[in-house]
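Enquirer: My questions all concern the structure below.
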Amino acid sequence: MHPSPDEVRREFDKFFNPARLRGNLLLGALYLATFEVLKSIIVDNINGFFALGSDYRDGKPTKTAEYRAALAKHEPRDGYRASCLWLQEVTAITAAEVEQLLAIRRHRNVVAHELPRVLLEAKLEVDIGLLTAARDFIHRLERWWFENYEATIDPEILGGKSPDQVEFISGRMAYIDHVIGTVLEVMNGDQQG
C-alpha cells in the first residue's frame, strides 16, 4: 500500500526539516543511552550482587554459579528478561513493571535497528512515554539497590537516618539526568532559533 499524499508531506517534512531531523536523531541517541544505563542497572547490579568477592574481567564481575542458577530458572537465554523477573521475585518491581521494562527494550530495538525508519516515517517516533518511564526506572531501581543492598552492607552511609530519609543520587542517576537535560536544552534552542 502506498502512502497518502498527506503522509508523504509529513514524512518529507520530518526528514528534510533540519531541526526535526536533528531533534529525532538526538531523541534516538537519548533513548539508546537511557536504555543502556537502565540495562546496566538491571543486569549488571544483579551480577555484582551474586559475584561479591569473585573475580573480575574487563572491570566487571564474572558470572558466578549462584548468578546463573538464580537467573536460569527465569529465562536462561535472555539475561535482561531473567533479571527483570528476578527483580520481581525480590519485590523490587511488579509483574506489570516487568512488562513495561520489556516494552522499553522492544522500543530500544526498533530505535537501534530501524533508525532510518524512525527518522523518515511519520507514524514512527521515539516514544517519549517509554523514555520517561526508563528514566524513572533508573531512579527507582538505583534507590532500591541503595536501600536494600548498599545501606545494609554499610549502614554508616545512612548517617544514623533511615534509608527513606537519606537524599540519594547515584552517579548513573546524575549522568542520565544531565544527558536528558542537555538534549532537551539543545532541542528547545532549536525550536526557539
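The values are calculated or read from the model by the stated rules, or taken from the named source; none is laboratory data. These numbers come from a predicted model, not from an experiment. A quick note on method: Cβ atoms are made from the backbone with ideal geometry, for glycine too, and the neighbour counts reach across all protein chains shown.
Enquirer: Only one residue in ILE153, ILE157 is surrounded by fewer than 17 Cβ atoms within 10 Å (Cβ to Cβ), touching an Asp or Glu at 6+ places or on another chain (Cβ under 8 Å) and not aromatic (Phe, Trp, Tyr). Which one? Can you show your working first?
Expert: Numbers: ILE153 fails: touching an Asp or Glu at 6+ places or on another chain (Cβ under 8 Å).
It is ILE157.
Enquirer: While we're here: Taking into account only those residues within segment 59-83 that are touching an Asp or Glu at 6+ places or on another chain (Cβ under 8 Å) and part of a helix (DSSP H, G or I), which is nearest to PHE35 (Cα to Cα)? Break it down into steps so the answer makes sense when it comes.
Expert: Going through segment 59-83, the residues touching an Asp or Glu at 6+ places or on another chain (Cβ under 8 Å) turn out to be 60-62, 74, 81-82.
Among the residues that remain, those that are also part of a helix (DSSP H, G or I) are: 81-82.
On the way: ARG81: 14, ALA82: 16 Å.
The residue in question is ARG81.
Enquirer: Being aromatic (Phe, Trp, Tyr), in a helix (DSSP H, G or I) and under 13 Å from the mean Cα position of the chain (by Cα), is that true of even one residue in segment 136-147?
Expert: There is at least one residue in segment 136-147 that is aromatic (Phe, Trp, Tyr), in a helix (DSSP H, G or I) and under 13 Å from the mean Cα position of the chain (by Cα).
Enquirer: With the requirement that a residue be of a type in the set (A, V, I, L, M) and either assigned to a loop (DSSP other than H, G, I, E, B) or within 26 Å of GLY48 (Cβ to Cβ) (or both), what does segment 97-123 give you? Please lay out each step first, then the result.
Expert: Start the filter on segment 97-123 by keeping residues that are of a type in the set (A, V, I, L, M), which leaves 98, 101-104, 110-112, 115, 118-120, 122.
Those that are of a type in the set (A, V, I, L, M) and either assigned to a loop (DSSP other than H, G, I, E, B) or within 26 Å of GLY48 (Cβ to Cβ) (or both): VAL98, LEU101, LEU102, ALA103, ILE104, ALA112, ALA122.
Enquirer: A further question on this structure: Please indicate, with yes or no, whether at least one residue in segment 10-18 is of a type outside the set (S, T, N, Q) and touching a Ser or Thr at 6+ places or on another chain (Cβ under 9 Å).
Expert: Looking only at segment 10-18, we keep the residues that are of a type outside the set (S, T, N, Q), and these are 10-16, 18.
Filter once more, keeping what is touching a Ser or Thr at 6+ places or on another chain (Cβ under 9 Å): none.
No, segment 10-18 has no match at all.
Enquirer: Taking the condition of being part of a helix (DSSP H, G or I), of a type outside the set (D, E, K, R) and surrounded by 16 or more Cβ atoms within 10 Å (Cβ to Cβ), how many residues in segment 160-184 meet it?
Expert: Residues of segment 160-184 part of a helix (DSSP H, G or I): 163-165, 171-184.
Among the residues that remain, those that are also of a type outside the set (D, E, K, R) are: 163, 165, 171, 173-176, 178-184.
Narrowing the set further to residues that are surrounded by 16 or more Cβ atoms within 10 Å (Cβ to Cβ) leaves 163, 173, 176, 179-180, 183.
So the count comes out to 6.
Enquirer: Looking at (1) β-branched (Val, Ile, Thr); (2) part of a helix (DSSP H, G or I); (3) touching a residue at least 40 places away in the same chain (Cβ under 8 Å), which one does VAL126 not meet, given that it meets all the others?
Expert: Unmet for VAL126, out of (1) β-branched (Val, Ile, Thr); (2) part of a helix (DSSP H, G or I); (3) touching a residue at least 40 places away in the same chain (Cβ under 8 Å): (2).
Enquirer: Another question, if that's okay. Please work out if ASP58 is farther than 22 Å from GLY129 by Cβ and either modelled with pLDDT of 85 or more or surrounded by 14 or more Cβ atoms within 10 Å (Cβ to Cβ) (or both).
Expert: On the way: farther than 22 Å from GLY129 by Cβ: yes; either modelled with pLDDT of 85 or more or surrounded by 14 or more Cβ atoms within 10 Å (Cβ to Cβ) (or both): no.
Against the criterion (farther than 22 Å from GLY129 by Cβ and either modelled with pLDDT of 85 or more or surrounded by 14 or more Cβ atoms within 10 Å (Cβ to Cβ) (or both)), ASP58 does not qualify.
Enquirer: Quick one: which of ALA82, ALA65 is hydrophobic (A, V, I, L, M, F, W, C), surrounded by 15 or more Cβ atoms within 10 Å (Cβ to Cβ) and modelled with pLDDT under 95? Explain how you work it out, then say what you get.
Expert: Details: ALA65 fails: surrounded by 15 or more Cβ atoms within 10 Å (Cβ to Cβ).
The match here is ALA82.
Enquirer: Could you please find all residues in segment 90-120 being free of Cβ contacts under 8 Å to residues at least 60 places away in the same chain and more than 20 Å from the chain's Cα centre (by Cα)?
Expert: PRO116, ARG117 - these are the residues of segment 90-120 that are free of Cβ contacts under 8 Å to residues at least 60 places away in the same chain and more than 20 Å from the chain's Cα centre (by Cα).
Residues checked against (1) closer than 13 Å to ILE180 by Cα; (2) touching a His at 6+ places or on another chain (Cβ under 8 Å); (3) surrounded by 12 or more Cβ atoms within 10 Å (Cβ to Cβ); (4) of a type in the set (Phe, Trp, Tyr):
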| position | (1), (2), (3), (4) |
| --- | --- |
| HIS2 | no, no, no, no |
| PRO5 | no, no, no, no |
| ARG10 | no, no, yes, no |
| PRO18 | no, no, no, no |
| GLY23 | yes, no, yes, no |
| TYR31 | yes, yes, yes, yes |
| ILE41 | no, no, yes, no |
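Enquirer: So how many residues does segment 148-193 have that are in contact (Cβ under 8 Å) with a residue 12 or more places away in the chain and within 17 Å of SER40 (Cα to Cα)?
Expert: 8
Enquirer: Moving on to the next point. Considering every residue within segment 33-46, establish whether at least one is in contact (Cβ under 8 Å) with a residue 12 or more places away in the chain and either in a loop (DSSP other than H, G, I, E, B) or more than 17 Å from the chain's Cα centre (by Cα) (or both).
Expert: Narrowing segment 33-46 to residues in contact (Cβ under 8 Å) with a residue 12 or more places away in the chain: 33-35, 37-46.
Filter again for either in a loop (DSSP other than H, G, I, E, B) or more than 17 Å from the chain's Cα centre (by Cα) (or both), leaving none.
No: zero hits.
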